[in-house]
1. Summing Lys, Arg as +1 and Asp, Glu as -1, what charge do residues with Cβ under 13 Å from the Cβ of A346 carry, A346 excluded?
2. Highest first, please rank the peptides 171-178, 39-46, 194-201, 142-149 by the mean number of other Cβ atoms sitting within 10 Å of their residues.
3. Mind checking the dipole of the chain: about its Cα centre, +1 per Lys or Arg Cβ, -1 per Asp or Glu Cβ, Debye to the nearest 20?
4. Sticking to Cα atoms, compute the Rg of region 71-225 to one decimal and its Dmax as the biggest Cα-Cα distance, whole number, in Å.
5. Can you tally the net charge around P128? Count Lys and Arg as +1, Asp and Glu as -1, for every other residue whose Cβ sits under 9 Å from the Cβ of P128.
6. In terms of modelled amide H atoms, which long-range or inter-chain residues lie less than 5 Å from the amide H of N355?
7. I need the peptides 353-363, 238-248, 75-85 ranked by packing, meaning the mean over residues of other C-beta atoms within 10 angstrom, with the highest value on top.
8. Which value in nm describes the separation of the simple spin-label points at R233 and T366, placed 7 Å from the Cα toward the beta carbon?
Amino acid sequence: MTLEQISPPGRLAEAGEQISAQELALAARNHGMPLEAMRADLTPPGLHYLLIHYDIPFLEAAAWRFAVTGLVGRPLTLDLAALKAMPARTVRVTMECAGNGRARLEPRPVSQPWLVEAVGTADWTGVPLRDVLAAADLGPDAVELVFTGADHGVERGVEQDYQRSLTVADALDQDVLLAYSMNGSDLAPQHGHPVRLIAPGWYGMASVKWLVGIEAVGAPFTGFQQAVAYRVRRDPHEAGTPVTRIAPRALMIPPGFPDFMSRARVVRPGPVVLEGRAWSGRSPVERVEISVDDGRTWATAALDPSGGHRWAWRRWSLPWSPSPGEYVLSARAITADGEEQPVDQAWNRGGFANNAAQRIPVTCLTGV
Ligand SMILES: Nc1nc2c(c(=O)[nH]1)N[C@H]1C(S)=C(S)[C@@H](COP(=O)(O)O)O[C@H]1N2
Ligand SMILES: [Mo]
């Protein structure tokens with residue numbers, strides 16, 4: 001057997017093809033955030049979604065080193081103590097996987113089968129990347145920084161370390177961090193221990209975990225995760241466009257209570273508060289609209305203040321008082337630039353950046 005045979009190309013599910021055991025295996029490793037966790041501003045590490053392409057590398061903090069190489073005047077090797085000795089910054093960031101929503105697409109791209117729950121929010125603490133780049137004397141010829149993780153695997157026939165790049169302009173943003181702490185604790189193994197990149201506003205693939213190296217390069221990076229995966233394309237042969245910043249999305253905490261097996265929602269007649277969160281890595285969310293009649297009519301929800309957290313989700317709420325019957329609830333976000341979260345899917349082969357509005361069927365019971 002060759003790697004190419006073990007690691008087949010990406011594909012679309014056939015019409016009517018159910019989620020496979022392979023997709024289930026991915027879903028069990030890479031769990032989502034239970035939507036009720038949106039009650040809290042910050043997602044505890046165990047409830048934050050996870051996406052790990054290969055295996056979790058178990059790096060020892062004491063032995064960890066990372067190197068800044070390439071087009072720099074002063075190549076650096078730092079250990080954790082040296083990184084922690086530099087001035088720290090904390091940024092509250094809502095991170096979302098670019099594949100969120102993929103499992104509902106038709107046809108379904110066969111990959112990690114997210115419904116809508118590939119999201120979480122944390123306070124990340126670390127050193128602004130730009131301070132480390134300044135210490136390394138980033139050269140004028142550098143156009144991108146390539147970040148390498150310690151994890152290794154094979155994907156569509158290509159054996160690789162997980163690597164992604166940012167342009168120099170994007171990397172110099174003061175909120176891009178080399179983070180060593182999440183919600184005030186050391187990073188958990190699954191979230192990149194001991195140090196990961198945090199690129200606020202970007203889909204999660206940019207925030208490389210288990211960071212071991214940064215290389216300043218003079219030409220755009222063409223590695224697998226940059227040039228082959230994470231591209232929006234409808235035709236398998238087109239170059240496509242890169243997946244970059246998070247499209248606006250609002251999500252609702254499913255109201256009432258669920259059935260164990262089907263997770264169908266049940267509410268009793270009378271007042272309930274619909275609530276959830278909304279975010280965007282593009283222009284900030286300015287309005288959230290709610291429908292209880294499957295998108296026929298929309299009402300504007302109250303949006304809590306951002307608290308100065310530009311990259312974090314904002315809470316929204318709307319009172320609702322259903323009478324007995326069947327409902328389909330939806331939420332959609334609208335940005336300051338006027339970008340509206342669509343109700344219908346925007347299909348592409350990878351199932352990336354799909355922000356079609358969530359639909360929650362709810363039964364309001366007859367009587368009490
Ligand atoms: N080294 C490495 N970094 C990685 C990944 C990975 O597989 N390996 N997955 C990326 C993807 S696709 C996402 S969505 C985020 C998920 O971060 P989390 O698991 O901490 O939520 O990490 C990103 N960073
Ligand atoms: Mo992701």
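The values are calculated or read from the model by the stated rules, or taken from the named source; none is laboratory data. Keep in mind the model is a prediction, meaning the values are calculated, not measured. Quick reminder, even Gly has a Cβ in these numbers, built from the backbone with ideal geometry, and neighbours come from all protein chains shown. Each accessible area value is taken on the protein alone, full model and side chains, heavy atoms only, with ligands, DNA and RNA left out. Shrake-Rupley method; radii C 1.70, N 1.55, O 1.52, S 1.80 Å.
1. Numbers: positive: R102, R104, R233, R234, R249, R349; negative: E106, E339, E340, D344.
Around A346, the charge tally is +2.
2. On the way: 171-178: 19.9, 39-46: 15.0, 194-201: 24.2, 142-149: 21.5.
With the highest mean Cβ count within 10 Å placed first, the list reads 194-201, 142-149, 171-178, 39-46.
3. The dipole magnitude comes to about 540 debye.
4. 16.1, 51
5. Details: positive: R89, R130; negative: D131, D173, D175.
Taking every Cβ under 9 Å from that of P128, the sum is -1.
6. Here A346 satisfy the definition.
7. The packing order, highest mean first, is 353-363, 238-248, 75-85.
8. Each label point is offset 7 Å from its Cα along the Cβ direction, giving 5.5 nm.
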